[in-house]
Amino acid sequence: MAAIEFEKVKKAYGSDAVLHGIDLAVDKGEFLIVVGPSGCGKSTLLRMLAGLEEISDGTISIGGRVVNKLEPRERDIAMVFQNYALYPHMSVYNNMAYGLKIRRMPKAEIKARIDKAVEILQLDPAMLQRRPRQLSGGQRQRVAMGRAIVREPSVFLFDEPLSNLDAKLRVQMRIEIKRLHQLLGITTLYVTHDQVEAMTLGERLVVMNGGHIEQVGPPSEVYDWPATRFVAGFIGSPAMNFMAGTIDDSGEYVILEGGERLALPAGAAYAAGRAVDVGIRPEHLTAVADGPFSLSVELVENLGADSLLHAYNEQGAMICRLPGHSSLLPGQRVTLDVMRDAPIHLFDSETQRRLHSGSGRSNG
Amino acid sequence: MIERRAVFSHRWLPIALVAPQLAVTAVFFLWPAYETVVSAFYVQGAFGGSEHFVGLHNFTALWDNASYLHSFGITLIFSAATTLLALSVSLLLAVNANRALRGAKVYQALLAWPYAVAPAIAGVLWLFMLNPSVGLLARALDGLGVPWDFRVNGTQAMVLVVMASAWRQIAYNFLFFLAALQSVPSSLIEAAAIDGAGPIRRFWTIVFPLLSPTTFFLLVIDLVYSFFETFGVIDTVTQGGPANATNILVYQVFETGFVGLDLGGSAAQSVVLMLFIIGLTVLQFRFIEGRVRY
């Protein structure tokens with residue numbers, strides 16, 4: 001039995017539809033990431049699960065129990081908010097104890113649970129008597145997580161919990177959250193718009209766009225076999241390069257707008273004359289003496305381990321990830337080719353869906 | 001640091017700009033206050049002319065003045081009731097206005113109107129409604145079997161002046177409470193809901209504590225209002241009666257000075273009233289200062 005189940009869940013504000021029928025099952029103990037651009041409905045989905053937004057249509061169940069009409073407190077969930085939402089007039093201890101006191105838990109047990117949470121989160125026990133405003137951002141985040149942990153809920157909800165932290169702290173807290181999940185094994189739904197969190201944190205990734213689920217799968221699968229053009233462009237940084245093209249008469253090559261010819265990946269039959277979008281990830285391109293793409297260098301970003309080459313021609317811009325430092329200068333001509341054995345991705349121009357099931361290895 | 005002060009190139013311009021306000025303060029506040037303090041130490045002839053320095057006699061005489069001590073007690077009851085009523089009703093209205101989705105703006109605007117009504121006018125309005133012979137509310141009470149006549153019943157008179165005084169202040173408090181409510185982050189209330197708190201518990205454990213700076217501020221404002229500005233209400237509705245049942249200090253000051261023509265005694269009462277309210281305000285602000293700000 002799934003720990004959480006969404007069935008044809010819809011949300012509309014008046015005539016404004018935000019979610020158009022979401023079907024999703026989350027396994028017990030799973031760490032599921034929901035990712036998408038802002039306004040895609042991911043936070044709304046989470047808030048509906050928490051009971052903070054009404055469900056316009058469909059059902060949501062937690063542990064086999066339909067929760068549509070239940071108050072947030074009856075759903076056995078805990079949530080960590082983006083702005084932490086700590087009670088400013090209470091000490092850290094009372095922030096964590098608040099939910100337990102409401103449940104009339106004996107004082108000794110409250111203390112025992114908080115002590116345990118403090119240990120798990122490696123909080124300084126002296127901090128317990130302080131007010132939230134006396135804490136740093138990272139500490140507040142930990143306290144917010146502590147408040148969720150002490151409740152021992154059946155589901156954890158995270159709503160972009162790291163987006164208010166600086167880059168270094170974000171990396172640290174990301175690891176902490178992952179460690180916490182491995183330790184406690186509580187079913188977790190984690191909403192984010194951050195690429196790295198999406199790729200690294202969860203066991204499964206849900207990519208949403210415009211109120212629909214675009215793809216569900218392990219992060220590596222979503223990265224290697226994006227189901228739609230949107231997913232291909234959204235997951236991965238820098239984003240995938242796209243070129244418009246047409247399948248040639250033989251069904252073995254695609255002719256790009258600029259006249260370049262690329263061999264099609266095996267694994268599917270392609271209809272001749274079909275309009276397609278061809279996607280190539282920046283790390284699958286390489287600078288060569290003679291190749292299909294001839295461009296002018298716009299700028300080079302040296303990142304240390306590798307560098308990003310931004311180049312353009314009449315058909316548009318391309319980004320290529322080159323190993324090490326690059327000595328290319330703006331205005332220089334550069335020729336790019338798809339790396340040997342690197343995948344290319346084909347999407348139907350009309351439906352935007354992936355055309356082939358395989359990884360799409362080009363045969364040169 | 002960025003310079004946040006306005007910088008004037010001429011010295012006289014800022015002086016000219018604040019001069020009118022300073023002049024008004026000096027002529028209408030400082031000078032009368034000074035005159036009051038001075039006359040508190042003198043005994044004046046009832047028809048003017050003669051004046052004798054008597055030291056603290058006017059103050060010590062207050063201790064033996066039964067009507068004054070009675071007035072002091074009445075004032076405490078009146079101020080406490082007015083402030084409590086004004087604060088609680090306005091908070092209730094603000095909480096509901098904050099929840100309203102439709103017509104919220106109209107509701108808020110209408111609730112702000114009474115503040116534009118002068119206390120004396122407010123008194124007259126309530127007087128009309130509760131006039132024992134022609135008042136609509138008085139008739140309704142009569143119909144319910146409540147014998148209503150504030151002209152003979154001291155308790156009813158007190159209820160009437162408290163309602164009339166609080167009514168206007170409710171509008172003022174309402175605006176502040178509403179602004180404070182709207183600044184409480186919704187995520188706090190959501191977090192409390194997920195933590196298991198129902199709406200009433202959420203209000204008393206989360207929202208109300210966060211309103212406390214506003215509540216303390218309004219407490220000071222309302223107390224000062226009920227001590228001083230309610231003269232108009234008392235004068236139009238009860239003139240301190242019946243049998244001094246609504247004779248609050250500020251009205252007693254007026255009675256002593258302008259009806260009893262004991263200017264020195266009246267001045268002494270004013271000084272005591274001033275000191276009392278200054279003390280109260282200092283105490284309250286010290287208390288607020290000591291509180292944690294959120």
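The values are calculated or read from the model by the stated rules, or taken from the named source; none is laboratory data. The structure displayed is predicted, hence computed values, not measured ones. With ideal geometry, Cβ positions are generated from the backbone for all residues, glycine too; neighbour counts draw on all protein chains shown. Only protein heavy atoms, including side chains, enter the accessible area calculation; ligands, DNA and RNA are left aside. Shrake-Rupley method; radii C 1.70, N 1.55, O 1.52, S 1.80 Å.
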With all protein chains present, calculate the accessible area of A:S327 using a 1.4 Å probe and round the result to the nearest 10 Å². 110 Å²
I'd like to know how region A:227-303 sits against the 2.2 N^0.38 Å rule of thumb: what's its Cα Rg over that expected value? 1.22
A:T246 paired with A:A25, simple spin-label distance in nm, labels 7 Å along Cα-to-beta-carbon: 4.5 nm
Antiparallel as a % of all DSSP beta bridges within the protein assembly as shown, to the nearest 5? 80 percent
Region A:146-157 - phi-based ³J(HN,Hα) in whole Hz, Karplus 6.51/-1.76/1.60, Gly and Pro as x: x, 4, 6, 5, 4, 6, 6, x, 8, 9, 9, 10
What percentages, rounded to whole numbers, describe P(r) for region A:230-364 computed over all alpha carbon pairs with 5 Å bin width beginning at zero? 2, 11, 20, 24, 20, 13, 7, 3, 1
Along each of its three principal axes, how wide is the spread of alpha-carbon positions in region B:169-243, in whole angstrom units, largest first? 56, 22, 16
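Add +1 for every Lys or Arg and -1 for every Asp or Glu among the other residues with Cβ under 15 Å from the Cβ of A:S163, and state the total.
Values: positive: A:K42, A:R140, A:K168, A:R170, A:R174; negative: A:D159, A:E160, A:D166, A:D194, A:E197.
Once all neighbours under 15 Å are counted, the net charge is 0.
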Apply the Karplus parameterisation 6.51 cos²θ - 1.76 cosθ + 1.60, with θ equal to phi minus 60°, to every residue of region A:298-308 and state each ³J(HN,Hα) to the nearest whole Hz, in sequence, with x for glycine and proline. 9, 6, 10, 9, 8, 9, x, 5, 8, 9, 9
Treating only the Cα positions of the protein assembly as shown as identical point scatterers, give the base-10 log of I(q)/I(0) from the Debye formula at each q in 0.08, 0.09 Å⁻¹. -0.84, -0.95
Rounded to one decimal in nm, the spacing of the 7 Å Cα→Cβ label points at B:V18 and B:L84 is 4.2 nm
Once all Cα-Cα distances of region B:71-291 are split into 10 Å bins that start at 0, what whole-number percent is in each one? 8, 27, 31, 22, 10, 2, 0
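Can you pull out the trypsin sites (Lys or Arg not before Pro) in region B:197-294 whose DSSP state is coil and whose Cβ has at most 13 other Cβ atoms within 10 Å?
Details: sites: B:R201, B:R202, B:R286, B:R291, B:R293; in loops: B:R291, B:R293.
Of the trypsin sites (Lys or Arg not before Pro), the ones in loops of region B:197-294 whose Cβ has at most 13 other Cβ atoms within 10 Å are B:R291, B:R293.
Given Cβ point charges of +1 (Lys, Arg) and -1 (Asp, Glu) and nothing else, what value in debye, to the nearest 20, does the dipole of region B:71-291 about its Cα centre take? Write down the numbers at each step before the final one.
Details: 10 positive and 10 negative charges, 132 e Å.
Roughly 640 debye for region B:71-291.
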Please give me, ordered by residue number, the chymotrypsin sites (Phe, Trp or Tyr not before Pro) of region B:13-62 that lie in loop per DSSP and have at most 11 other Cβ atoms within 10 Å. B:F47
What average number of partner chain Cβ atoms lie no more than 10 Å from the Cβ of the residues making up A:77-86? 4
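Could you state how much accessible area is buried at the B-A interface, both sides summed, with a 1.4 Å probe, in Å² to the nearest 100? Walk me through the intermediate numbers first.
Numbers: alone 17550 and 17190 Å², together 32850 Å².
Counting both chains, the buried surface is close to 1900 Å².
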For A:V35, what is the net charge nearby, where nearby means another residue's Cβ is under 15 Å from its Cβ and Lys, Arg count +1, Asp, Glu -1? -4
Alpha carbon centroid spacing (whole Å) that separates region B:182-259 from region A:106-138: 38 Å
Can you run the Rg to Rh ratio on chain A? Use alpha carbon positions and the Kirkwood inverse-distance Rh. 1.06
Dimensionless Rg/Rh of region B:141-202, both radii on Cα and Rh by Kirkwood, sits at 1.30
Looking at B:A140, B:L93, B:W126, which one has the Cα that reaches farthest to the positive end of the dipole of region B:26-143 (charges on Cβ: Lys, Arg +1; Asp, Glu -1)? B:L93
Charges only on Cβ, +1 for Lys and Arg, -1 for Asp and Glu: so what's the dipole of the protein assembly as shown about the Cα centre, in debye to the nearest 20? 1580 debye
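Within region A:51-127, report the GluC sites (Glu not before Pro) that DSSP leaves as loop and that have at most 14 other Cβ atoms within 10 Å. Mind showing how you got there, number by number?
On the way: sites: A:E53, A:E54, A:E74, A:E109, A:E119; in loops: A:E53, A:E54.
Those that pass, being in a loop and sparsely packed, are A:E54.
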So what does log10 I(q)/I(0) come out to for region A:108-230 at q = 0.15 Å⁻¹, using the Debye formula with one equal point on every Cα and no solvent? -0.76
Work out from phi, with θ = phi - 60° and the Karplus expression 6.51 cos²θ - 1.76 cosθ + 1.60, the ³J(HN,Hα) of each residue of region A:256-261, listed in order in whole Hz, and give x for Gly and Pro. 7, 3, x, x, 5, 10
Would you mind counting up the charge near A:S61? Only other residues with Cβ under 14 Å from its Cβ, with Lys and Arg at +1 and Asp and Glu at -1. -1
